[in-house]
Every structure is written in C-alpha cells, then in structure tokens.
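To start, the structure under review is shown below, and the notes come after it.
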Amino acid sequence: MRFRNDYYQLLGVPVTAEFDDLKRAYYRRAKQCHPDRHRGCPQKEEEFKLLVEAFDVLSDPVRRRQFDGALGAAPPAPSGSHLHVRDSSRRSILDSLADDDLEELIVGNTIPEKTTLQTLMLDLEKTERFCLFREAKTCYYKGRFGRAESLLTRAVGLSPQNILYRYFLGRTLCKMGQEKKAIGQFKVALHIGMCRIPPLRLPRIRREMTTLQEQHGGLAYQLLRHFRGKSQEVQPADIELRDQLERCLSRLAPDKRRSAKRGKPLPKLPLPPKRLTPPPDRDREEQS
C-alpha cells in the first residue's frame, strides 16, 4: 500500500476531503488521463490505474480509515461517528472478500460491452451505482442514517438483487429503530444468496438476523426457538413456518382487535364459580 499522501495528491484533494469532493476530483482527473484519450499511452494508463486505486481506497470509509492509520496519522473520528472498533478492519460480508468486491462492482451495475474483469475494475466512472453505494456507506459510518437510508433505498430500487445493498440497508434501518424492516431486508438477502449458483452461505448476515429476531422477533419466533432448541439457529427454511405461526396467533383474538379499534371496552369474562366445601359427616362424628 502506497503512502497516504500519494492518494490525496493524485486526486488533488486535502486529507479532510468529503465523499463529494473525492468523486468530483476523480471524475475530473479520469477525463484528463483516461487511456482512450491518449491512444493507449502506457504512461497515461499507469497514471489512470493509480487514480482508480486512490479513489477505490479513499471512497470506502473502512479502507480509508485503515489506510490513514497505517502511518499512525489517522485523523480523529468525527463526533457521532459509528465506526465501531470491530469494523475498523475489513472483514467479508459475503462468503469472502472476493465475493464482496464482485458483488459491489458487477451486480446491478451497467457493464460495458466486451469488458473484462480487469477493464471493469479500472473504469469505475462507468459504474454510477458503485459511487451511489460508496456514498451511502460513507453516510452510514458517519452516523448520518437518514441520508444513508435514502441512498440505500434508491440503490436497492435500482439493483434489487445486490446483497450488499440490502445488507447495509438492513443495518441502517436497525440503527433507526426499524428492526422489523431490517429483518425483512436480511431475509431477502439470504434468499438471494440461496438462489446463487453455487449458493452463498452468508454466515455474517445470518448471525445478525438471528440476533435481531431474538430481540424483536415476537412470540412466534420464541415458540419456534423453543421447539427447535436454543442452541440451533433458525434456518431460512423456517422463515415460512414462523410467518405461519404469526398469522395463526393473530387469528386467536379477532374480537379483541375489533373492539380495540372501535374504542369499545372489552367484555368481561364471567368469574369461575366458587368451590363449596362439603358439610362434615355427622355419622362419623357420633362413631368417634
């Protein structure tokens, strides 16, 4: 990894540059040194590779923080930042870091014709949704959850099959106190992973969804956990069963829901009859 100042100098931005500054600087510099404009000049091609590398690192909040701290000169975290210690190093969200990179670059992005993996990774200016997701991810780690939710909702609408988009949308909704919606996004992400060839296991997403369900899954989930066993995680195949349990539980007291909506007091149930004690047996008393 190159020195920290090299990346900022290549883009022509200060160390404290925000995401919008990075994106504008990248697009401006990319147009200046793109190899297609210089008839395949080797020097311009190498300069463009370094430019893409700089933007790729600095536009990712986790990698940028890790990169800044490589020389012990990381800038102080902003107030209200939610970049947790466990997120300060890059860990895979899907089954591997390679899966993360391919998911971010390919799934849902507009791929130019006759492209290869190498040319795709060197031409990020053609992947607008890539930049949209990076901006949303930056907002998430800075604690700007409202803005992150808006951007990620837009990203999911554009690329509904992208697992990373749905994962970060779920985490953002959880931070905003919308746990049920977050569980819904995690469910869809797991379903998409199961439909891939070969299927993705997605253990990290599965663990986070299980934790949310334990805290906010409701009575149906607690019943399912009881019958399945506390040590066993609920599998995606059990999701339909849990939904059926919730529907059955919602039908147990229909009159109660109707009365609550109309504002009428609920009818009182009759008290059970008192149990009378039998009278003493006089014949036994006389014999004694």
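The values are calculated or read from the model by the stated rules, or taken from the named source; none is laboratory data. All values reported here derive from a predicted model rather than from experimental measurement. Glycine also receives a Cβ, built like all others from the backbone with ideal geometry; neighbour counts cover every protein chain displayed. Heavy atoms of the whole protein, side chains included, go into the accessibility calculation; ligands, DNA and RNA do not. Shrake-Rupley method; radii C 1.70, N 1.55, O 1.52, S 1.80 Å.
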Check on ILE192, within 23 Å of ARG91 (Cβ to Cβ), more than 11 Å from the chain's Cα centre (by Cα) and of a type in the set (A, V, I, L, M)
yes
When the range 180-189 is examined, which residues are found to be in contact with a Leu (Cβ under 6 Å, 6 or more places away or on another chain) and either open to solvent by less than 40 Å² (accessible area, probe 1.4 Å) or within 18 Å of SER92 (Cα to Cα) (or both)?
ALA182, ILE183, GLN185
Please work out which residue is nearest to TYR140 (Cα to Cα), limiting yourself to the range 35-70 and to residues that are outside any helix (DSSP H, G or I) and open to solvent by less than 20 Å² (accessible area, probe 1.4 Å).
ASP60
